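First comes the structure, then the notes that go with it.
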């Protein structure tokens, strides 16, 4: 037979040695449900060692807007006291369809290390869930602003030739990557002044589609015909074409097609080989390079390595010197910033409307 239950009172202190007889009250609280990961957070987790904690940046309300494109705005901010540029990719522009491409291109940006390319620093997400691309900040502004500044004093001998060399060096490096990287939006507004005679290439495409390029204000003025026509099978030669238009800007300080109506312009570029007219007073070598770059046939355009040898050659330097340093050909009716109507601020704003 079993033992009968004891009538002795239970010593609860033996069961609960602690003086607290209600340990359940001190169990850790049930954590709140974990929200499913967003595409942005997943993207950050997969970009190794490149996430920048948001608290290392100055408060977002102190960021200064310095630009805007088809994919979001660009701000000047501060990272641990160092000025940086932040390009925001709006959260709703990142989808499951393009996130893998965006991740691959961020990985590529990590690998691009060249003195003629704006340095990528990392990524962060802001409090609104937007992806922030952080890069070095250059205070000199863009080549577009410089070319169309009323007080600019540019010559091919003193600075423009070096700018062309810098661009060819940076673009040759970009195109030499494996897999090959395309810029797809090369224009004077995306070329930043890094010193008295130095420029750097900015805004290398992040999952940028032809639609993104076309939706950027004024960008079609620099676009190759194959992009304008909607052909998705274009090559790196689209960047060579855009460089040709930038070269024309550097020789004229004017805005491409500024006297043409936007309506129907793309069709003329595609179907009629319509291009900005190159000034005949500039060195012949520059004209020849320009015409090769803006050829309607991509295979007829040179690559940047070849262009680099042309700009570095003695023949180019000699021809520039023979043209008295080759000042850009500036006509008041062709360069909006020099138009004689309106004050300086008005003229400058008119220039910016073409960006």
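Which of the residues spanning the range 280-311 are surrounded by fewer than 16 Cβ atoms within 10 Å (Cβ to Cβ) and over 15 Å from residue 323 (Cβ atoms)?
Going residue by residue through the range 280-311, those that are surrounded by fewer than 16 Cβ atoms within 10 Å (Cβ to Cβ) are 280-281, 284, 288, 291, 297, 299-300, 305-306, 309.
291, 297, 299, 300, 305, 306, 309, listed by residue number.
With the structure loaded, tell me whether residue 268 is in the same structural domain as residue 303 (by TED's automatic domain parsing), farther than 21 Å from residue 68 by Cβ, at pLDDT 95 or above and out of contact with any helix residue (DSSP H, G or I) (no Cβ under 7 Å at 6 or more places or on another chain) or whether it fails that test.
Criteria met by residue 268.
Would you call residue 316 in contact with a strand residue (DSSP E or B) (Cβ under 9 Å, 6 or more places away or on another chain) and either at pLDDT 95 or above or buried (at least 16 other Cβ atoms within 10 Å of the Cβ) (or both)?
no
Pull up the range 127-162, narrow it to residues that are within 19 Å of the chain's Cα centre (by Cα) and assigned to a loop (DSSP other than H, G, I, E, B), then point me to the one that is modelled with the lowest pLDDT.
130
Is it true that residue 189 is touching a strand residue (DSSP E or B) at 6+ places or on another chain (Cβ under 6 Å) and in the same structural domain as residue 298 (by TED's automatic domain parsing)?
Values: touching a strand residue (DSSP E or B) at 6+ places or on another chain (Cβ under 6 Å): yes; in the same structural domain as residue 298 (by TED's automatic domain parsing): yes.
For residue 189, the condition - touching a strand residue (DSSP E or B) at 6+ places or on another chain (Cβ under 6 Å) and in the same structural domain as residue 298 (by TED's automatic domain parsing) - is met.
Yes/no per residue for (1) assigned by TED's automatic domain parsing to the domain that holds residue 170; (2) at pLDDT 85 or above; (3) surrounded by fewer than 17 Cβ atoms within 10 Å (Cβ to Cβ); (4) over 21 Å from residue 182 (Cα atoms):
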{"residue": "23", "(1), (2), (3), (4)": "no, no, yes, yes"}
{"residue": "28", "(1), (2), (3), (4)": "no, no, yes, yes"}
{"residue": "33", "(1), (2), (3), (4)": "no, no, yes, yes"}
{"residue": "45", "(1), (2), (3), (4)": "no, no, yes, yes"}
{"residue": "65", "(1), (2), (3), (4)": "no, yes, yes, yes"}
{"residue": "79", "(1), (2), (3), (4)": "no, yes, no, yes"}
{"residue": "83", "(1), (2), (3), (4)": "no, yes, yes, yes"}
{"residue": "97", "(1), (2), (3), (4)": "no, no, yes, no"}
{"residue": "109", "(1), (2), (3), (4)": "no, no, no, no"}
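The values are calculated or read from the model by the stated rules, or taken from the named source; none is laboratory data. On a predicted model such as this, the values are computed, not experimentally measured, just so you know. Note that we place each Cβ from the backbone using ideal geometry, even for glycine, and neighbour counts take in every protein chain shown.
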